[in-house]
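Before any comments, here is the structure.
The values are calculated or read from the model by the stated rules, or taken from the named source; none is laboratory data. Please read these numbers as outputs of a predicted model, since none were measured by experiment. Using ideal geometry, Cβ is built from the backbone for each residue, glycine included, and neighbour counts are taken over all protein chains shown. When the accessible area is computed, the model is the full protein with side chains, heavy atoms only, and any ligands, DNA or RNA have been set aside. Shrake-Rupley method; radii C 1.70, N 1.55, O 1.52, S 1.80 Å.
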Amino acid sequence: MQEILLSLMIFVPLLGMIVVLLLPRESDELIKRVTLLFTLIPLVLAVYLFISYVRSAETQFDVNINWIETFNIRYHVGIDGLSVTLLLLTALLGPICVLASWRNIEKGIKAYMALFLLLETGMLGFFAALDLFLFFVFFELTLLPMYFLIGVWGGPRREYAAIKFFLYTLFGSVLMLVALIAVYLNSNILDGAVVGDRTFDIPELIRLASEPGHALANSNFQMWVFLGFFIGFAVKVPIFPFHTWLPDAHVEAPTAISVILAGVLLKMGTYGIVRINMDMFPEGMAIFTNGKGLVGNSLAILGFVNIVYGSFCALAQTDFKKLVAYSSIGHMGFVILGLAAGNEMGITGAILQMFNHGVISAMLFLLVGVLYDRAHHREINGFGGLGNRMPVYTGITTLAFMASLGLPGLSGFIGEAFSLVGAFERFWLLTVLSTIGIVVGAAYFLWTLQRVFLGTLNPKYEELPEINGREIMTLVPLGILVIVLGIWPHFAIDMFSDSVVNLSTKISGILDQLQAGL
């Protein structure tokens, strides 16, 4: 019975989409309530799966049945410590985003809610998929609803932002598809001979990629396939220079869609790097992280560039939402730097930062939305002294700012710290230089806090209403997580520690061989 819970969690939002489409177009309140219900059910199931998960490196709650038998494509889903934490994050943000859309979306509510539910199914399925073809299907499933959610309900330049997002992501998807086909065609070749059937099964492909003599274990093959998948995921993270779609998408997207974009879709990129690039192609990973020359330092360099470039771009912004968008680019650089380290500390910090950034960035975009709904602009220099008028809002925003800049005791600190400690062992100079991003991050958040909330109240906003109950309801769960994970990070770390040990042992072993000249 428990085996069906994961599939139920994935497809309940899809069922909700069908129900919403059957409701009368003019029943706006009913549509919202039904959508909220169909996002709360996955949250309840995600909490149950999280609590029921037994710490292990093995997948649990597996369902593995034939789907397209001719090509040995299966409906194979399951969870491990990494995916169960991200499924919980995705399921938590679902109802929060529906509540955030309650009063902000005024046109086409039925279509908006239906597309959002479809998007949630794609995100949940992506993190649970254990068949490479199914993994790609869910990855692509998020593309179309996100395109319309930005392009129809976004800001003045919504069409431009939506098309840019679509084209960038499609470019990455094409390279992923080529790499996926190459993996499938070589999945049954051992010592140059055809052995057995081809497969898309991710656990089986991971095993075959470490088997001596297998085509998937060839270092040159792993290098090229690694690049194909990596570029596809790099667009999603996004990693410089594939990042330019992100600020436009965030600025034009409705608040709730910015939340889901930063909180979940960016994590799909880093999750893919861990699940596919690192676990399936460790030799390909080692080529770009062995510390020898430009190529051997390339992944760490990309992480460093993301951190410093994103931080300085955020410092230069006067649009509140654009500042938060560029800060996301900078903070995701710490994830890349931690993964590039390939050791237990670095990978632990990177995965923890994935979850923490999802929570913190969701808070920040929700807070920007609260202010925009009242003032109808996001110009940082146009405010001033709001702390006198909106003390509750100011307090919550200060908490989110302090967490994002990495204040010890809040969740943003521990992930970045672990990533830097792990990276210092392998790339000490790049790690030291990356701390520039922490200093600049503190500068732009504190400067924003000063310009928006401190000083004399701008007379234009003497009647600005305080944050309301519905808005507080969307922020409180995230604020609690920020504090809990800052004080007790093992709440999350214990879930994926066994998987991290296996992964770091595999990569470190290959790196040791390369450094020994073997």
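Just give me the residues in the range 372-398 being under 30 Å from Gly349 (Cβ atoms) and either of a type in the set (Val, Ile, Thr) or crowded, with 20+ Cβ neighbours inside 10 Å (or both), in sequence order.
Ile396, Thr397, Thr398
Would you mind finding the one in Gly455, Gly437, Gly509, Gly412 that is under 23 Å from Gly349 (Cβ atoms) and surrounded by fewer than 19 Cβ atoms within 10 Å (Cβ to Cβ)?
None of the other options fit; the residue is Gly509.
Conditions first: (1) outside any loop (DSSP other than H, G, I, E, B); (2) under 20 Å from Ile480 (Cβ atoms). Asp373 passes all but one, so which condition is the exception?
Condition (2) is where Asp373 drops out.
Filter the helices (runs of 4 or more DSSP H) completely within the range 275-340 down to those with at least 1 residues that are closer than 22 Å to Gly437 by Cβ and under 16 Å from the mean Cα position of the chain (by Cα).
Per the criteria, 298-315.
Restricting the first residue to the range 469-485 and requiring it to be within 13 Å of Cys97 (Cα to Cα), which pairs with a second residue that is of a type in the set (D, E, K, R) meet a Cβ separation below 9 Å and a spacing of at least six or different chains?
Arg470/Arg103; Glu471/Asp373
Among the listed residues Val152, Val137, Val178, identify the single one that is open to solvent by 50 Å² or more (accessible area, probe 1.4 Å) and either free of Cβ contacts under 8 Å to residues at least 40 places away in the same chain or not in a helix (DSSP H, G or I) (or both).
Going through Val152, Val137, Val178 in turn, the sole match is Val137.
Going through Leu315, Leu339 one at a time, which residue ends up being crowded, with 20+ Cβ neighbours inside 10 Å and not charged (D, E, K, R)?
Residue meeting the stated conditions: Leu339.
Residue check: is Gly269 open to solvent by less than 10 Å² (accessible area, probe 1.4 Å) and not polar (S, T, N, Q)?
yes
Would you be able to tell me the number of residues in the range 344-370 that are farther than 22 Å from Val484 by Cα and touching a Lys or Arg at 6+ places or on another chain (Cβ under 7 Å)?
1
Might you let me know whether the range 420-438 holds any residue that is touching a residue at least 24 places away in the same chain (Cβ under 8 Å), in contact with a Leu (Cβ under 6 Å, 6 or more places away or on another chain), in a helix (DSSP H, G or I) and within 26 Å of Val251 (Cα to Cα)?
Within the range 420-438, none of the residues are touching a residue at least 24 places away in the same chain (Cβ under 8 Å), in contact with a Leu (Cβ under 6 Å, 6 or more places away or on another chain), in a helix (DSSP H, G or I) and within 26 Å of Val251 (Cα to Cα).
Considering only helices (runs of 4 or more DSSP H) fully contained in the range 222-272, which possess at least 3 residues that are touching a residue at least 24 places away in the same chain (Cβ under 8 Å) and more than 12 Å from the chain's Cα centre (by Cα)?
Result: 245-252, 255-260.
For Glu416, work out the one condition from (1) within 25 Å of Ser298 (Cα to Cα); (2) in a helix (DSSP H, G or I); (3) at pLDDT below 90; (4) charged (D, E, K, R) it doesn't fulfil.
(3)
Just the residues that are open to solvent by 10 Å² or more (accessible area, probe 1.4 Å) and either without any contact (Cβ under 8 Å) to a residue 60 or more places away in the chain or among the hydrophobic types (A, V, I, L, M, F, W, C) (or both), please, taken from the range 275-291.
Correct list: Ile287, Phe288.
Hey, can you tell me all the residues within the range 458-490 that are of a type outside the set (Val, Ile, Thr) and surrounded by fewer than 14 Cβ atoms within 10 Å (Cβ to Cβ)?
Pro459, Lys460, Glu462, Glu463, Pro465, Asn468, Gly469, Arg470, Met473, Trp488, His490
Of the residues that sit in the range 318-336 and are open to solvent by less than 10 Å² (accessible area, probe 1.4 Å) and of a type in the set (Val, Ile, Thr), which one is farthest from Ser419 (Cα to Cα)?
Val324
Give me the residue from the range 181-234 that is acidic (Asp, Glu) and at pLDDT 90 or above and, out of that set, least open to solvent (accessible area, probe 1.4 Å).
By that ranking, first place goes to Asp201.
Pairs please, first residue from the range 441-466 and acidic (Asp, Glu), second anywhere and surrounded by 14 or more Cβ atoms within 10 Å (Cβ to Cβ) and in a loop (DSSP other than H, G, I, E, B), Cβ atoms under 8 Å, 6+ apart in sequence or on different chains.
Within 8 Å, the pairs are Glu466/Met390.
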